[in-house]
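Working notes, beginning with the structure itself.
The values are calculated or read from the model by the stated rules, or taken from the named source; none is laboratory data. Values in this document were obtained by computation on a predicted structure and should not be read as measured data. Neighbour counts are summed over all protein chains in view; Cβ atoms, including those assigned to glycine, are modelled from backbone coordinates with ideal geometry. These area figures cover heavy atoms from the full protein model, side chains too; ligands, DNA and RNA do not enter into them. Shrake-Rupley method; radii C 1.70, N 1.55, O 1.52, S 1.80 Å.
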Amino acid sequence: VQLQASGGGLVQAGGSLRLSCKASGINFKLYTMDWYRQPPGKQREWVAGITSGGSTNYADAVKGRFTVSRDNVRRLAYLQIDRLKPEDTAVYYCTTQYSGSDVWGQGTQVTVSS
C-alpha cells in the first residue's frame, strides 16, 4: 500500500493550491482518506477527511477554505486550499487506515508567503 502526495509549492497569501494523493495497492473506493498537516516546529494536525461514501469533515481552523474530494476511478484524493494564509505553511500528508495500521504518504510542502 502506498500513498503519494503532490501539488505543494510556494504561493502568495490569498492564492490557491490543489494537493493530490495517489493511492496504490488498495481498493481505494472502500477507504476513508484523511489529510493532516505539520507546520514547522509544531505537531501534526488533522485538517480534513472524506469517507468512502463521500462524506466530508473539516477541522474548524480550515472550514470554508479547504475542500476535500476524491476520484475513485483514478484513485486520487484531493485537498483544495483557497485563500491561503501564512499559517497554512506546513507539510501536508494524506493517510488512510489499512488492515488496522495507519498508512502515510511522504508529504508535500506548502509554503505561503505574506
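General remarks:
- The set of residues from region 65-84 being over 17 Å from residue 46 (Cα atoms) and open to solvent by 60 Å² or more (accessible area, probe 1.4 Å) comprises 72, 73, 74, 75, 83.
- Out of 15, 64, sole residue that is in contact with a Leu (Cβ under 7 Å, 6 or more places away or on another chain), more than 15 Å from residue 97 (Cα to Cα) and in a loop (DSSP other than H, G, I, E, B): 15
- Cross-chain or 6+ apart pairs with Cβ under 8 Å, region 46-61 first and open to solvent by 70 Å² or more (accessible area, probe 1.4 Å), then among the small types (Gly, Ala, Ser) and modelled with pLDDT of 95 or more: 46/59; 57/48; 57/49
- Criterion violated by residue 105 - all others in (1) surrounded by 13 or more Cβ atoms within 10 Å (Cβ to Cβ); (2) modelled with pLDDT of 95 or more; (3) farther than 22 Å from residue 12 by Cα satisfied: (2)
- Only residues that are assigned to a strand (DSSP E or B) and either open to solvent by less than 50 Å² (accessible area, probe 1.4 Å) or among the aliphatic types (A, V, I, L, M) (or both) were counted across region 85-97, and they come to 7.
- Unique match (being touching a Lys or Arg at 6+ places or on another chain (Cβ under 8 Å) and open to solvent by 50 Å² or more (accessible area, probe 1.4 Å)) among 42, 22, 29: 22
- The residues in region 12-45 that are closer than 16 Å to residue 71 by Cα and without any contact (Cβ under 8 Å) to a residue 12 or more places away in the chain can be counted, and the count is 1.
- Here residue 100 meets the list (1) modelled with pLDDT of 95 or more; (2) open to solvent by 20 Å² or more (accessible area, probe 1.4 Å); (3) farther than 16 Å from residue 24 by Cβ almost entirely, failing just condition (1).
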